[in-house]
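Okay, so here's the structure we're looking at.
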Amino acid sequence: MAQASTTPKTGGIHAPVTPSVELAVVVGSARLPRSEVISKVWAYIKANNLQNPANKREILADAALEKVFGKKSVTMFEMNKHIAAHVKA
C-alpha cells in the first residue's frame, strides 16, 4: 500500500501562473495554480449567468471574458486554450 505524499504538488496544473491584465479582471492579479484559475473563471461564469441556457457547453462572453476569449462565445472545451494564452509561468 502506497503512502500519500505530503509534498505539495507544484507541477503541471498545480504550477503557479500569473494572469494577464485581461484575465486578472476575472480572477485577480495574484499568482495562482492553473487549476485555481480555471475554478475562478467557472465561478465568474456561473455568478454572471454566462452559460447559454439552450446549450450549457457554450459560454456567452461578457465584456471582460471577450477580452480573454477574443470572441463573443466559446465552448467549454475551447475555453482552456484561450485561458492558456493569458497566463505566464
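The values are calculated or read from the model by the stated rules, or taken from the named source; none is laboratory data. The structure displayed is predicted, hence computed values, not measured ones. All Cβ positions, glycine included, derive from the backbone under ideal geometry; neighbour counts span all protein chains shown. Side chains are part of the model used for accessible areas, which takes the heavy atoms of the whole protein and leaves out ligands, DNA and RNA. Shrake-Rupley method; radii C 1.70, N 1.55, O 1.52, S 1.80 Å.
Observations, loosely collected:
- Taken over region 12-42, the criterion of being of a type outside the set (Ser, Thr, Tyr), open to solvent by 60 Å² or more (accessible area, probe 1.4 Å) and either part of a helix (DSSP H, G or I) or within 16 Å of HIS82 (Cβ to Cβ) (or both) is satisfied by ILE13, HIS14, VAL21, GLU22, VAL25, ARG34, GLU36, LYS40.
- Of all residues in region 57-89, those being open to solvent by 90 Å² or more (accessible area, probe 1.4 Å), in contact with a strand residue (DSSP E or B) (Cβ under 9 Å, 6 or more places away or on another chain) and outside any loop (DSSP other than H, G, I, E, B) number 4.
- Of everything in region 44-56 that is among the aliphatic types (A, V, I, L, M) and within 13 Å of MET76 (Cα to Cα), the residue that is least open to solvent (accessible area, probe 1.4 Å) is ILE45.
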